[in-house]
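Novice: The structure follows.
The values are calculated or read from the model by the stated rules, or taken from the named source; none is laboratory data. Small disclaimer: the values here were computed from a predicted structure and weren't measured. Every residue, glycine among them, receives a Cβ derived from its backbone with ideal geometry; neighbour counts consider all protein chains shown.
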């Protein structure tokens, strides 16, 4: 029995030693990656932007392919050196009495690839102003950044204000990464009637943490943050979060977390059976009804805000 106990102790010690060596190697590898990242900040920034945006320049279709009337837009975005670049977009009119949406798309797909979703929103009656960030579609530039995406969204908002004088009809609508861009834009423009964030995430840090690389200490070297969870408590307009419950790319719990952090008035719609990209298809009728109710409440809020104070 003593011999068996000794063998067990020896095996346990060997297992512990092996685990220690593996942990040490993992720590060394993580530290090496971290040091490599810090020493190559410019390369790291480029790689992050490539991983997050994955820009697509090929515009494969236009609203005409969906039978939609549209106007092509070229919006100027000032550069830091005094020059300017162009942001390409489309104005797709809907019911002139219904809200008009500034549509901000997510990563990888440009506005041409997003037309299936944009067309459904237009079928619901909404006018849509859709833009491509620089680096996407026909817009100038090659590789977007968080800062540039915010600047491009601002150019789109300025154009929406020009086209839609009635503030109660101006809505920010973002899908996925576009939801994060929309949240930043909403902070800068609390006069917007409402914000809708579809299938969006809490932050890039949270997306990294839930990825296979979550064990690496990459948070300290992130250059692109999109920290929506820190921003939503500061929103000053009605906000609605929509998410497919079967989303495999961005967990729907992230919209639940954003909803919990946002102030009233707010709304959360989780769609059973919907994935990251097909919420508007799976729940077209329900989404049309809920958006109608939500926008009506937002318009009423602006009307009350405009009303003169009682003597």
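Novice: Can you find even one residue in the stretch 171-181 that is touching a residue at least 60 places away in the same chain (Cβ under 8 Å), in the same structural domain as residue 279 (by TED's automatic domain parsing), over 15 Å from the mean Cα position of the chain (by Cα) and crowded, with 24+ Cβ neighbours inside 10 Å?
Specialist: Yes: one or more hits.
Novice: Let me ask you something else. Tell me yes or no: at least one residue of the stretch 129-148 is without any contact (Cβ under 8 Å) to a residue 40 or more places away in the chain and surrounded by fewer than 19 Cβ atoms within 10 Å (Cβ to Cβ).
Specialist: Yes, there is a match, as at least one residue in the stretch 129-148 is without any contact (Cβ under 8 Å) to a residue 40 or more places away in the chain and surrounded by fewer than 19 Cβ atoms within 10 Å (Cβ to Cβ).
Novice: On to the next question. Of the residues 64, 76, 69, which single one is in the same structural domain as residue 130 (by TED's automatic domain parsing), at pLDDT 95 or above, assigned to a loop (DSSP other than H, G, I, E, B) and within 30 Å of residue 125 (Cα to Cα)?
Specialist: 69 is the lone residue from the list that is in the same structural domain as residue 130 (by TED's automatic domain parsing), at pLDDT 95 or above, assigned to a loop (DSSP other than H, G, I, E, B) and within 30 Å of residue 125 (Cα to Cα).
Novice: Is there a residue being at negative phi, in contact (Cβ under 8 Å) with a residue 60 or more places away in the chain, touching a strand residue (DSSP E or B) at 6+ places or on another chain (Cβ under 7 Å) and part of a strand (DSSP E or B) anywhere in the stretch 103-123?
Specialist: For the stretch 103-123, residues at negative phi, in contact (Cβ under 8 Å) with a residue 60 or more places away in the chain, touching a strand residue (DSSP E or B) at 6+ places or on another chain (Cβ under 7 Å) and part of a strand (DSSP E or B): present.
Novice: For residues that are more than 20 Å from the chain's Cα centre (by Cα) and surrounded by 24 or more Cβ atoms within 10 Å (Cβ to Cβ), tally how many sit in the stretch 93-121.
Specialist: Looking only at that region, the number is 1.
Novice: Within the stretch 195-203, can one find any residue that is over 14 Å from residue 255 (Cβ atoms), at pLDDT 95 or above and assigned by TED's automatic domain parsing to the domain that holds residue 302?
Specialist: No, because not a single residue in the stretch 195-203 is over 14 Å from residue 255 (Cβ atoms), at pLDDT 95 or above and assigned by TED's automatic domain parsing to the domain that holds residue 302.
Novice: Tell me the helices (runs of 4 or more DSSP H) entirely within the stretch 237-311 that contain at least 2 residues that are over 17 Å from residue 203 (Cα atoms).
Specialist: 279-282, 284-306
Novice: Sticking with this structure for a sec: Considering (1) surrounded by fewer than 19 Cβ atoms within 10 Å (Cβ to Cβ); (2) free of Cβ contacts under 8 Å to residues at least 40 places away in the same chain; (3) over 21 Å from residue 298 (Cβ atoms), say which one residue 264 fails and leave the rest.
Specialist: (3)
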